[in-house]
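K.L.:
Mind having a look at this structure? Questions to follow.
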Amino acid sequence: METEHFFTCPYCWQEISFVIDLSVDEQAYIEDCEVCCRPIRVSYLSNGDDLEEFSASALDE
């Protein structure tokens, strides 16, 4: 099951969204912001139906 999750970019502070696959219990990856194109570290936990925890942070430079 996929869901769209909205959050604020840690660089440009614009509200953006990523599609998250809730059938994956735990995931961490890097994806670029659709506004400023800077890399965001995304991680989340899911119970299969609901998003339990979500984090989006800037990469350490």
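The values are calculated or read from the model by the stated rules, or taken from the named source; none is laboratory data. Given the structure is predicted, the values throughout are model-derived calculations rather than measurements. Methodologically, a virtual Cβ is constructed for each residue, glycine included, from the backbone with ideal geometry; neighbour enumeration extends over all protein chains shown.
K.L.:
Are there strands (runs of 3 or more DSSP E) fully within the chain with at least 3 residues that are surrounded by 14 or more Cβ atoms within 10 Å (Cβ to Cβ) and in contact with an Asp or Glu (Cβ under 8 Å, 6 or more places away or on another chain)? List them.
P.N.:
Numbers: elements: 2-8, 15-21, 26-32, 39-46, 51-58.
Passing ranges, in order: 15-21, 39-46.
K.L.:
Cβ-Cβ distance below 9 Å, separation of 6 or more or different chains: which pairs start in segment 18-36 with a residue that is more than 14 Å from THR8 (Cβ to Cβ) and end on one that is modelled with pLDDT of 95 or more and outside any strand (DSSP E or B)?
P.N.:
That search, which allows pairs on different chains as well, returns ASP32/ARG38.
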